[in-house]
Amino acid sequence: MAVTISDVASAAGVSRGAVSLALNGHAGVGDQTRQRILETAKALGWTPNLRAKSLRSAKAYAVGLVIAREAKLLGSDPFFPSFIAGVEVTLEKHDYTLVLTVATEPGAEERSYRRLADGGRVDGVILSDVRHDDSRIALLRGLGLPAVTLNRPDTPSPFPAVCMDDAVGITAAVEHLISLGHTRIGHVGGEQVYLHGRSRRRAWQSALTAAGLGTDLFAEADFTAPGGVAATARLLARKDRPTAIVYANDLMATAGQSYAQAHGMNVPGDLSITGYDNAQFARYLNPPLTTIAADPLAWGRLAAAMLLGQVSGTHDGGDLILGPPRLVVRSSTGEVPKHAVPAVAVDRYEDLSTAELSQESIHCQEKQ
């Protein structure tokens, strides 16, 4: 049975009114009495009734996060579980809950935001996967929902952003490969509708251009393992195939590494590979993956804190820049091969469905 304010009052030897003042941080209770009430409440296991609290304050004590992903793909994405954990860490400290919605079909995302706004189900939302000319900015403005965006949109936005400089990490990866003698450095990028996909591609291009190297070894994918396999297959089938590939995330890098190894290539002897995210599994691959360490847990904590500041009116409206991502060098990168490595013949990877590619990438890993 839930512990009530009356239970706390009886155990602490004070009135219900004194307990209410102390637990809500209001004046009118002496310091010693307040401390005794708080200690008693903790000992009894009292927790706030968020429903009653929200009715009194006209707040929902909840924030929303809508993720546009197929459910089966979301489960394999190493970024969002850590990011969501960071959000939850902050929300829990402030007695807030997270309303998570996975939008799996066209139109579902907009309906989800409208549903969250209707009836005040949430006090604000965190906007992830910011896109080129993102229509969600105007939608949220029209709905009157406070929001925080992950990175600054390229369309006018009234919302503050928590930003990470993708260019720092990608540039470090390219410069690392150049220092190892590589001159044909490819990039498997994410969908270019997403701003982080664009910024990582631009950073790759800029670093190569600064070194006087070509920027034509690019293949677009969708941040998934099957997409990483298909894009890797396209690059390795070229006569001028790359001797190194910079991937836009660890998931695609892992899939690309498996594909290369399954086709007789040595990593890093024939092909060097870098990822992005520093997912936990990256260090346990064979060979361990050189990657860019971002901090999705911190990103989640800060995004939630910024949104709560928006809701309470204490945030100044400015953006927040995360600490720069850093290069983590492991064994998937090495010196440029001194021997000629032929292109990999195009095979049926090009035409496989997503489901078939998922199964095929598993087979590749099993063959190692």
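Any read-out appearing in this document is the output of simple, stated calculations on the displayed coordinates, not a laboratory observation. If you're wondering where the values come from, they're calculated on a predicted model, not measured in any experiment. Neighbour counts run over all protein chains shown; Cβ positions are idealised from the backbone, glycine included.
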Bridge orientation stat for the chain from DSSP, antiparallel percent rounded to 5, came to 10 percent
Treating the angle as unsigned and between 0 and 90°, give the value, to the nearest 10°, between the Cα long axis of helix 195-210 and the longest Cα principal axis of the chain. 40 degrees
For the LEU38, ASP319 Cβ pair and Förster radius 30 Å, calculated FRET efficiency rounded to 0.05 is 0.25
Efficiency of FRET from Cβ geometry, LYS59 and ALA108, R₀ 25 Å, rounded to 0.05: 0.40
Computed about the Cα centre, the charge dipole of the chain from +1 Lys/Arg and -1 Asp/Glu charges at the Cβ has a magnitude in debye, to the nearest 20, of 780 debye
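Local charge sum around TYR113 (other residues, Cβ-Cβ under 15 Å, Lys/Arg +1, Asp/Glu -1)?
Cβ neighbours under 15 Å give a net charge of 0.
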From the helices alone, meaning DSSP H stretches of at least four residues, give me the mean residue ellipticity at 222 nm for the chain, per-run term -39500 (n - 2.57), in deg cm²/dmol to the nearest 500. -13500 deg cm²/dmol
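What FRET efficiency do you get for LYS93 and ARG326 if R0 is 30 Å and r is their Cβ-Cβ distance, rounded to the nearest 0.05?
Values: r = 28 Å, r/R0 = 0.92.
For R0 = 30 Å, the calculated efficiency reads 0.60.
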I want to check the label-to-label distance for SER6 and ARG152. Put each point 7 Å from Cα in the C-beta direction and report it in nm to one decimal. 5.6 nm
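Given the peptides 272-281, 141-150, arrange them by the average over their residues of other C-beta atoms within 10 Å, most packed first. Spell out each step's value before the answer.
Working: 272-281: 23.9, 141-150: 18.8.
Answer by packing, highest mean first, reads 272-281, 141-150.
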So what's the gap between the Cα centers of segment 62-117 and segment 201-226, to the nearest angstrom? 30 Å
Enter the angle in degrees (range 0 to 90, nearest 10) between the Cα long axis of helix 225-236 and the first principal axis of the Cα atoms of the chain, meaning the one along which they spread out most. 20 degrees
Between 0 and 90°, nearest 10: helix 250-262 axis offset from the chain longest Cα axis: 30 degrees
Say each of LYS338 and VAL168 gets a label point 7 Å from the Cα, pointing the same way as Cα to Cβ; how far apart are those two points in nm? 3.7 nm
13 Å cut-off, amide nitrogen to a point 7 angstrom out along GLN280 Cα→Cβ, residues in segment 241-267: none
